[in-house]
Amino acid sequence: MHLTKIEIYNGIGFADENQVFKALEEVYNEIPSLKCGRCGQCCADNPRISLLEYINIYKYVRDSLKFHWAEIVDKCITNYFLDLVEPSLNCPFLGEDNQCMIYQIRPFNCRVFGHKSKEEFEMDFTKGIFEQVKNYWRQHGIIIPDEVMKFKPYYCEEVQPLQGKKLGLKNITSIMNKLIAVERRMFSLEIIMDNDNYIPFYKHFTDTVIGLRANKKKPDVMKEYLENKQSDLLKEFLEKGKKFEF
Ligand code: SF4
Ligand code: SF4
């Protein structure tokens, strides 16, 4: 589902008026805090987020990160087009100091990252990336580079709960169901459960900035980049992004 800027503003208004953001925060607060070196290494991967989390983060960036707008727009558009061909890209919210720019409102998947066992973590990742790779192979004949195929997100052994044990998948799922219940105040279950709506911030956001043309042109940008290590088409989209205001 592609949200326009007007729809996002309407969503923010509705969520503010009806305490939806507050309810989202209450669900987040159920996830026990973790002790972590905050080195940023795990932020090479991009967490998938729901539409409600997208609106929540959009609002935060609009209101609190004005000086970072240009950088965030640039990184999101670059990630959108090159995520399957350039393994060096990180989450757009990872700052130069390796800290998260949106730490206070970081999404569910970032909060539960350290609560999964290694097996649970790897199972989640494998499902997402290989589906995308297979789709591109089938539809566009694009050969995904080996570094991307072999990329494994970093599982951190260091992160531990401040108190008690890790949540594990069963408890994570039960808190996730509470998140879905909050989302249902704004979206139908069908929309929430649609995998196309459960995607990283950079995908939601590039759909908002560029619209449906982004998805149509992605294979061309990828091919151009794989051949020349740069893409003129991508430069055009980045220019368009420069005009965007949150
Ligand atoms: S969870 Fe681990 S890898 Fe991620 S920031 Fe914390 S210490 Fe670094
Ligand atoms: S949102 Fe923050 S914590 Fe989550 S991956 Fe991005 S930089 Fe890391």
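Some notes on this structure:
- GLU86 more than 15 Å from the chain's Cα centre (by Cα), closer than 29 Å to LYS217 by Cα and among the charged types (D, E, K, R): yes
- Qualifying helices (runs of 4 or more DSSP H) (wholly inside segment 51-113; at least 2 residues being more than 16 Å from ligand 1 (Cβ to nearest atom) and surrounded by fewer than 16 Cβ atoms within 10 Å (Cβ to Cβ)): 51-64, 69-82
- Residue match in segment 130-140 (condition: out of contact with any strand residue (DSSP E or B) (no Cβ under 9 Å at 6 or more places or on another chain), within 20 Å of THR206 (Cα to Cα) and within 16 Å of ligand 2 (Cβ to nearest atom)): no
- Residue among ALA23, ALA15 that alone is more than 16 Å from ligand 1 (Cβ to nearest atom), within 26 Å of GLY164 (Cβ to Cβ), within 21 Å of the chain's Cα centre (by Cα) and touching a residue at least 24 places away in the same chain (Cβ under 8 Å): ALA23
- In segment 35-47 there is no residue that is over 18 Å from the mean Cα position of the chain (by Cα), more than 27 Å from VAL148 (Cβ to Cβ), open to solvent by less than 20 Å² (accessible area, probe 1.4 Å) and within 16 Å of ligand 1 (Cβ to nearest atom).
- Listed by position, the helices (runs of 4 or more DSSP H) enclosed by segment 183-246 that each have at least 1 residues that are more than 28 Å from MET101 (Cα to Cα) are 189-193, 213-228, 232-242.
- Contact map, segment 35-47: first residue within 16 Å of HIS115 (Cα to Cα) and near ligand 2 (Cβ under 7 Å from one of its atoms), second residue open to solvent by less than 70 Å² (accessible area, probe 1.4 Å) and of a type in the set (S, T, N, Q), Cβ cut-off under 6 Å, separation 6 or more or different chains; pairs are CYS43/ASN90; PRO47/ASN109.
- Residue in segment 11-18 that is over 27 Å from PRO87 (Cα atoms), in contact with a Phe, Trp or Tyr (Cβ under 9 Å, 6 or more places away or on another chain) and open to solvent by 80 Å² or more (accessible area, probe 1.4 Å) present: no
- The residues on offer are LYS170, LYS178, LYS134, and the sole one that is in contact with a helix residue (DSSP H, G or I) (Cβ under 7 Å, 6 or more places away or on another chain), assigned to a helix (DSSP H, G or I), away from ligand 1 (no atom under 16 Å from the Cβ) and open to solvent by 30 Å² or more (accessible area, probe 1.4 Å) is LYS178.
The values are calculated or read from the model by the stated rules, or taken from the named source; none is laboratory data. This is a predicted model, so every value here is computed, not measured. FYI the Cβ positions are ideal-geometry reconstructions off the backbone, even for glycines, and counts take in every protein chain you see. Protein only, heavy atoms only, side chains kept; ligands, DNA and RNA dropped before computing areas. Shrake-Rupley method; radii C 1.70, N 1.55, O 1.52, S 1.80 Å.
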